[in-house]
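Bear in mind that the values in this text are calculations on the coordinates, not laboratory data. Only a predicted model underlies this, so the values are computations on that prediction, with no experimental measurement involved. Cβ: placed from backbone, ideal geometry, glycine included. Neighbour counts: every protein chain shown.
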Amino acid sequence: MYIDMRWEDEDGRELAAVISPPRSRFIALVPGNPTQEYHCLGRLSPYGDVSFPGLQIPQLIQDLEKLMPHCETDETRRHVVAMLDVVRQASRHIHSCIRFSGD
C-alpha cells in the first residue's frame with residue numbers, strides 16, 4: 001500500500017510532491033482513525049484521498065514529527081523527512097493545501 005503526498009496551490013496546481021518509495025512502511029505507522037495524538041494522520045486511508053488546507057498544516061507537521069521516532073527503517077525515515085520538508089514549506093503559504101492520495 002502506498003500513499004503519495006502533494007502540495008497544491010489554491011487552484012489545484014501541484015507545487016511539490018513526495019511519492020511513496022516502494023519499501024517505505026509509512027502507511028503501517030498511520031493510525032486507522034483520528035486520535036488526540038494523530039489528529040490529521042488518523043484521517044489517511046490507503047484507498048482514498050484526503051486534503052489538509054493551510055490552517056490544518058501546523059497540526060499535520062506535529063503529527064509527522066510525532067511519527068518520526070516510530071520509523072523503523074531508513075527508507076521510511078527518509079520518506080517522512082521528505083514529507084516534513086514539503087509540509088513545512090507549505091506552512092508558509094496559507095492559500096495552499098496538502099493532499100494525500102492512496103492506491
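Going by neighbour counts of Cβ atoms within 10 Å, the residues M83, M68 line up, fewest first, as M68, M83.
With axes computed from alpha carbons, what is the tilt in degrees of helix 57-67 against the longest principal axis of the chain, rounded to the nearest 10 within 0 to 90? Orientation of helix 57-67: about 10 degrees from the principal axis.
For S91 and Y2, what does the FRET efficiency come to when R0 = 25 Å and r is the distance between their Cβ atoms, rounded to the nearest 0.05?
Working: r = 24 Å, r/R0 = 0.97.
After rounding to 0.05, the efficiency reads 0.55.
Along the axis of the charge dipole computed for the chain (Cβ charges of +1 for Lys and Arg, -1 for Asp and Glu, origin at the Cα centre), the listed residues W7, P46, L60 are led at the positive end by L60. Angle between the Cα long axis of helix 74-90 and the longest principal axis of the chain, 0 to 90 degrees, nearest 10? Rounded to the nearest ten degrees, it is 20.
Please report, in debye to the nearest 20, how large the charge dipole of region 19-103 is about its Cα centre when each Lys and Arg carries +1 at its beta carbon and each Asp and Glu carries -1 there. Intermediate values should be presented prior to the final figure.
Values: 9 positive and 9 negative charges, 31 e Å.
The calculated dipole for region 19-103 is roughly 160 debye.
As a rough guide to protection, the peptides 69-76, 19-26, 3-10 ranked by mean Cβ packing within 10 Å, highest first, stand as 3-10, 19-26, 69-76. Within the set (1) 45; (2) 55; (3) 41, the number that percent of Cα pairs over 18 Å apart takes when calculated for this structure is listed as (3).
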